[in-house]
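First the structure, in the form of structure tokens, and then the observations on it.
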Amino acid sequence: VYKRQDQHHSVNDARHEGVIRSVRNFLRSYSIELVLMGVLLAAVAYFAYLGYGLLTVDLGDEFSGEEALAYVSQQLEYGPRTTGSDASKAMGDWLTNELTSQEWNVLIQPYGILAPAISAGQAITTSTADPPSNLSMVQLMGQNIIAIRQPDAGGGSAPVAILAAPYDSRVFADADPDVARHAESSPGANVGAAGAATLLEIARTLNDTGHTVCLAFLDSEANRGIPGWQPPYGSHRFVEQLGNQIEQCADPRFAVVLDAVGGLDHQFRVEGGSDPMISSAIWQTADDLGFGQQFVSEIGPALSGPHNTFIEQGIPTVLITDHDYLYRNTTADTLDKVSAESLKRVGMTLQLWLEQGAPFAQ
């Protein structure tokens, strides 16, 4: 019995040694091939990692409320951006640099406007040595800033989409509950800076829409209703030059105007004078994104503002605004009244709608 067991163990040992010898011979014979295969597998894993990184970068192009809020803060650092002031010019230079760095073609549209000297702001001066009286008029220089991007294919044949927002701030905070502060300028955080910041963040994140997209940052819009301030406002000058100075933005398919879009706990009702089919499509997009509580599907009053200039020219137009914003044209329209989440809701809604081809509701 013991002899048979020893013989069995000897056979097994021989088999193990044979297997080991065969593996060694295989490794010796195919060592180069195995090394190359290892390098190939490592390369595949590396490029898969890179592909994941690239995917992450693409997802990072989603509209960021935090970035938009930072753009609001940057504008406020210049102080009140009243038309013709040094603050307005500095903010315009910064805005132009941001847009060009994001590879948009930028056009500066200057224009003159007469305004009462008392309303012109402390940064505005006249050419005379005498201080202006309350009744004298001064010539101010406003400037619209237009950013244009054509689609990847289609060029000049593509339909035109206009997104517009005023970027100036009101020279008088004449809606402030403290009458003593009416002579101060409004900081214009939500009314002014928020709309411009939303457009700027859209400029950073927008993918191809099949449209020629024109972003119009409008000057001298905030002072509507102040005695002595008369057209042309920024929207008038922009629209009247669509077929001349701004040929690429001529004959637009639609326009969307933003105003006071960043307030805390905001709600947007469909403005009474806005195009119903475009409004319905935008509000439906917001609802699809889960923003139905903020984009309320009910008709609000018809309002006065730059959107009317587009409507008067027969351009299908929508105004997105929080008409009930409490701090409009007051000294309390400050950064703490603006929400990154609110900016994100508006920006994501418009970005998705545009990238879907900006459909109109049927």
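The values are calculated or read from the model by the stated rules, or taken from the named source; none is laboratory data. Given the structure is predicted, the values throughout are model-derived calculations rather than measurements. Virtual Cβ from ideal backbone geometry, glycine too; neighbours counted across all protein chains shown. Just the protein is used for accessible areas: all its heavy atoms, side chains included, with ligands, DNA and RNA removed. Shrake-Rupley method; radii C 1.70, N 1.55, O 1.52, S 1.80 Å.
Some values worked out for this structure:
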{"read-out": "Environment charge at K89 (Cβ cut-off 13 Å; Lys +1, Arg +1, Asp -1, Glu -1)", "value": "-3"}
{"read-out": "Cα gyration tensor category, rounded, prolate or oblate, for the stretch 290-346 with a/c compared to 1.5", "value": "oblate"}
{"read-out": "The stretch 250-362: C-alpha gyration tensor shape, a/c 1.5 cut-off, then a/b vs b/c", "value": "oblate"}
{"read-out": "Estimated inter-spin distance, S280 and R253, nm [label 7 Å along Cα→Cβ]", "value": "1.8"}
{"read-out": "Whole-number accessible area per residue in Å² for the stretch 200-358, which is evaluated in the context of all protein chains at 1.4 Å", "value": "38"}
{"read-out": "Between the stretch 281-333 and the stretch 223-263, the alpha-carbon center distance in angstrom", "value": "16"}
{"read-out": "Model label zone, E103; criterion: amide N under 18 Å from point 7 Å along Cα-to-beta-carbon; scope the stretch 339-360", "value": "355"}
{"read-out": "By average C-beta atoms within 10 angstrom, highest first, the peptides 242-252, 79-89", "value": "79-89, 242-252"}
